[in-house]
Each structure stands twice: as C-alpha cells, then as structure tokens.
1. Go through region 2-35 and give me each residue that's in a loop (DSSP other than H, G, I, E, B), of a type in the set (A, V, I, L, M, F, W, C) and either surrounded by 11 or more Cβ atoms within 10 Å (Cβ to Cβ) or within 12 Å of the chain's Cα centre (by Cα) (or both).
2. Applying the selection to region 72-106, what residues are farther than 20 Å from F28 by Cβ and over 16 Å from the mean Cα position of the chain (by Cα)?
3. If you check G12 against the conditions, is it among the small types (G, A, S) and touching a Lys or Arg at 6+ places or on another chain (Cβ under 8 Å)?
4. Of all the residues that make up region 1-35, how many are among the charged types (D, E, K, R) and within 19 Å of L104 (Cβ to Cβ)?
5. So which of H46, H38 ends up being surrounded by 13 or more Cβ atoms within 10 Å (Cβ to Cβ), in contact with a His (Cβ under 7 Å, 6 or more places away or on another chain) and part of a loop (DSSP other than H, G, I, E, B)?
6. With the checklist (1) in contact with a strand residue (DSSP E or B) (Cβ under 9 Å, 6 or more places away or on another chain); (2) over 17 Å from H102 (Cβ atoms) in hand, flag the one item A34 doesn't pass.
7. Please enumerate the residues belonging to region 58-84 that are of a type in the set (A, V, I, L, M), out of contact with any helix residue (DSSP H, G or I) (no Cβ under 7 Å at 6 or more places or on another chain) and surrounded by 14 or more Cβ atoms within 10 Å (Cβ to Cβ).
8. Among the residues of region 104-114, is any within 21 Å of E11 (Cα to Cα) and assigned to a loop (DSSP other than H, G, I, E, B)?
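Coordinate-derived values only; no laboratory data. Given the structure is predicted, the values throughout are model-derived calculations rather than measurements. Cβ placement follows ideal geometry from the backbone for every residue including glycine, while neighbour counts extend to all protein chains displayed.
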Amino acid sequence: MENCLFCKIAEGSIPSNKVYEDEQFLVFHDIQPAAPSHVLIIPKKHIATMNDVGPEDFALIGEMHRIAQEAAKKLGVAESGYRLINNCGKDSGQAVYHIHYHLLGGAPLGALVQNSDSHA
C-alpha cells in the first residue's frame, strides 16, 4: 500500500532501528516506547488488520509468533516475561493499519485495563 507507514519502513524508504529482518518480517524499536523494551513486529506483506488475515496467511501468522519469541530472547526479556499485543480496529487503538504486534518488556508491566470490579 503506497501510503502505509509500515510498508515504507519495511521497504527501507523510512529508517528504523532494526532488531531483526528477513525476507518476510521486520522487527524494529517503537519510536514512542511504552516499556524499557518495546518493539514492533510486522510482516512485510501488507495486511490491514487481524480481521483481514485469510487462510493463505495462517502460516505467516504462525511464523510471526516464532519471530516474537526470537525477538524476546534477543531483547533479554524471554525469561522475565513480556507482553505481546495486537490491536485490531479503531476501538482497540490501532493507529497504523498494517498488522503488527507490540512486544513490551524489561520491567514489571501493570494491568492493561484498570477495572475497579476486577479481583483477578
């Protein structure tokens, strides 16, 4: 997609601080980190949202999880723990419509949503 920020990063026309890259994926540091370690994991194939993943993409999504595991090891957060997030659509807060995971770690992370009725 010609106006997709992450497609431009994947093709190299916009620079990024890369952690990992291969023919199908790119992992790079988030420019507004929400944790000491905060990277984005993207497929180079443009898929707008998780709802747009088709049967032909299931293997790609599985591989994306393997890449997330490797990135967590490389960042040194695999053992201590990390959060892997995919936002899907407007109400989730998805800002860039190119499927991606946020991998956050490097410190104890609080609850995603504060709920005064939660006892978990």
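1. Across region 2-35, the qualifying residues are C4, I14, A34, A35.
2. E79, S80, K90, D91
3. Criteria not met by G12.
4. 2
5. H46
6. Result: A34 passes all but (2).
7. Matches in region 58-84: L60, I61, M64, I67, A68, A71, A72, L75, V77.
8. no
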